[in-house]
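Everything below concerns the one structure shown next.
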Amino acid sequence: MLNETGLAELFRLDGEAFVRAAYRAVLHREADEQGMAGHVRALEQGLPAAHLFLVLRLSPEGMAAGEAVSGFSSGKIPAAN
């Protein structure tokens, strides 16, 4: 389970480091080249990290991975950096 402390640490990262950590935390795998490039580009263009986190968590793969996230349902996901 990704607790609120781990979630806060995740949201302190940015760019490629954030994408790598989010993939590991949510999908339990490394980001593929295409996913890494697209997500980093989206963050650089202003996509909030919290939005990307939700995209990963609510994707079919994220739902299948079933990673529990403390505070997720209560809306306590930290604001993007």
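Details
- Lone unmet requirement of (1) in a helix (DSSP H, G or I); (2) loosely packed, with under 12 Cβ neighbours inside 10 Å for Leu54: (2)
- Pick from the range 62-79, criterion of a type outside the set (A, V, I, L, M, F, W, C), surrounded by 13 or more Cβ atoms within 10 Å (Cβ to Cβ) and closer than 22 Å to Arg29 by Cα, ranking: modelled with the highest pLDDT: Gly62
- Qualifying residues in the range 35-46 (those that are free of Cβ contacts under 8 Å to residues at least 24 places away in the same chain and of a type outside the set (Lys, Arg)) - the one surrounded by the most Cβ atoms within 10 Å (Cβ to Cβ): His39
- Taken together, the criteria place Leu52 among residues that are in contact (Cβ under 8 Å) with a residue 12 or more places away in the chain and under 18 Å from Met63 (Cβ atoms).
- Pair list, Cβ under 7 Å, 6 or more apart: the range 1-16 residue of a type in the set (Phe, Trp, Tyr), other residue open to solvent by 60 Å² or more (accessible area, probe 1.4 Å): Phe11/Asn81
- Of all residues making up the range 10-34, the number that are open to solvent by 20 Å² or more (accessible area, probe 1.4 Å) and in a helix (DSSP H, G or I): 9
The values are calculated or read from the model by the stated rules, or taken from the named source; none is laboratory data. Because the structure is predicted, anything quoted here is derived from the model rather than measured. Cβ: placed from backbone, ideal geometry, glycine included. Neighbour counts: every protein chain shown. The accessibility values were calculated without ligands, DNA or RNA, using every heavy atom of the protein model including side chains. Shrake-Rupley method; radii C 1.70, N 1.55, O 1.52, S 1.80 Å.
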